[in-house]
Amino acid sequence: MPESPEPSSTPGSPLDAATPSPVPALLRGSLLLLAFLVLQLVLFWSLLGSPASSRFLPAPGRRNTTWPNGAVDAGACEAGLVYVYDLPPEFNHDLVDDCESLWPWYSFCPYLTNGGFGEAAATLPVFFNVTRNVSLHSWYNTDQFQLEVIVHRRLLSHRCRTTDPSQASAFYVPFYVGLDVGSHLWGDNSTAADRDRAGLRLLRWLQNQTSFQRSGGWDHFITLGRITWDFRRYGDDGWGTNFVVLPGMTNVTRLAIEADTLDPMDVGVPYPTGFHPRAAADVRAWQRHVLSRRRSKLFGFAGAPRSGFRGDFRGVLLEECEDAGSERCRAVDCRGTRCTDNGAAVLELFLDSRFCLQPRGDSFTRRSMFDCMVAGAVPVLFWRRTAYDQYRWYLPPGPRGDRGEWSVFIDRRALRAGNVSVRDVLEGISERRARRMQERVVEMIPRLVYASPSSDGLGDGMEDALDVALGGVLERMRRRRGSIVPREGQSHLHPEGPFVARRVDVESTAAAPHSDGKNGSAAASGRGAAGKNQDPPASSHIKTALPEASASIRKTLQKSLN
């Protein structure tokens, strides 16, 4: 039988060569794929830990209410420990992640980097000539509405934070309600239900927590990153959300950048400025810098005229500046977003001015007042409620404040009538007295700024704005515990059932319906005289019965919570 013909072969390929096995190729492919996945995982974790990432808190899958916070210094926390609720991400994380949609005019994402501090000044050339490397690393381009983010991040690493709720004297609710309502205030199709939805969901969640059920919220506190009027809507036709007036919020202490002075549950805390020092040494370096500066202007003003407002007082102040002449006064026109996008322009103005004019904004206070004081300039006020009745934990109140210890007060009506002028009043202050006032302002700087969370405070016994707020909150909780008389067989520290605070008369807290649409603040107008500066005794606003006037409001709102 004839042999089969030999197969033809390709030149250079011996007939007896072994056929390549597919196993090594599969192994190499698997190893490459595994290496690629490991690299992606490393990059992902690095992104989460990056300080420039907007994800400044642990990712939702990793968050845990029991993760260790280090040993607690009992001596440093004699006033009590704070428990930070681990809320569902929709109330904080998701809002940060959706930063592109929070504001209709520009992206909020740059302002949410660095844990709410915003972009570091060291990366922004406009700041170089202003700070001249003095504490440059402590400066950021911070948005005025970031209090909720800043406080939350700081409390997560605070030395007096406990992860055991049974050991806590106070409970912090990290709901970014200001960011949430701000995203709905100017939407074309936004409704009252849209503005209220997240707050109602938060209160449903909170009322299922054992700690809240036990006290009715009297040992809980929250931050409001916008002025209190944005959270006090009565009915469906007004401005903002109704979050503050919901029954579940009745006993909760509220730290707000601007408070209702007639509501004992509201506490005014400073607006965030761009100065976030890491240590007491940074503060002292800045204090020496602002005290040693040669200030070429007698006074300065940052703002813009508002032609749409009847009797616009800012226009009056711009005329005062113009009348004083460029050698005595300089103004920065804040129309558009110049002062929002470039905090350096305002800082430079106040560093060059001995006094700074501070009219009311959309509400009685502006962030500008705190920018002014951090720059070492003496504020000139025209409404007593701008500061004297507002920030009782931070600024000298009443007679000490309005008699010139740290500020100048000018009657706006006399100024409008032409009976006085800003220039004459300020030039009438002696050099020696002006220096004492400036030194007093500079002395208060640490209490007006929010320190970097990386250091957990300034150290050396120096308190920042959060230290002051937390101390006040813990003292308030201590007084409340002492004011609540337990029933027979009931724990003294943990009274059974909710306690309801004295509500403020609805008419006395009504706010104006709208703002100019730039900073989202609703002006409070037509209000009565401010109340006392000091906190009333705790027993005066912890009650077991509702006033008759507010019972109907509670009944109506309670339906939406159930």
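The values are calculated or read from the model by the stated rules, or taken from the named source; none is laboratory data. Since the model is a prediction, treat every value here as computed from it, not as a measurement. All Cβ positions, glycine included, derive from the backbone under ideal geometry; neighbour counts span all protein chains shown. All accessible areas refer to the heavy atoms of the entire protein, side chains included, with ligands and DNA or RNA removed. Shrake-Rupley method; radii C 1.70, N 1.55, O 1.52, S 1.80 Å.
Here are the numbers for the structure shown:
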read-out	value
Order by protection proxy (mean Cβ within 10 Å, highest first), peptides 210-218, 427-435, 190-198, 296-304	296-304, 210-218, 190-198, 427-435
Relative compactness, the stretch 118-165, computed as alpha-carbon Rg over 2.2 N^0.38 Å	1.55
The stretch 167-294 - percent of accessible surface contributed by carbon and sulfur, probe 1.4 Å	41
Amide hydrogen neighbours beyond the local backbone of ARG392, cut-off 5 Å, H modeled	GLY268
Average silhouette area of the stretch 186-300, convex hull of alpha-carbon atoms, in square nanometres	11.8
Packing rank of 223-231, 436-444, where each peptide gets the mean count of other beta carbons within 10 Å, highest leading	223-231, 436-444
Phi-based couplings in Hz for the stretch 98-113 (Karplus 6.51, -1.76, 1.60; Gly and Pro marked x)	9, 4, 5, 9, 7, 9, x, 9, 7, 6, 8, 4, x, 7, 9, 6
Label zone at ASP236 (point 7 Å along Cα-to-Cβ), backbone N below 20 Å, the stretch 167-203	181, 184-201
Convex hull volume per residue for the stretch 171-238, taking Cα atoms only, in Å³	93
Test item: Cα-centred dipole of the stretch 76-198, Lys/Arg +1 and Asp/Glu -1 on Cβ, debye	620
Heavy-atom surface of the stretch 215-350, accessible at 1.4 Å and reported per residue (Å²)	32
GLU100-GLU427 pseudo-label distance in nm [points 7 Å out on the Cα-to-Cβ vector]	5.6
Leading residue at positive end of dipole, the stretch 203-351 (Cβ point charges), from PHE299, TRP286, LEU203	TRP286
Percent accessible area from carbon and sulfur atoms, the stretch 89-135, protein chains only, probe 1.4 Å	52
Cα-based shape type of the stretch 127-233, given that a ≥ b ≥ c are square roots of the gyration tensor eigenvalues and the cut on a/c is 1.5	oblate
Normalised convex hull volume, the stretch 86-163, alpha-carbon set, Å³ per residue	107
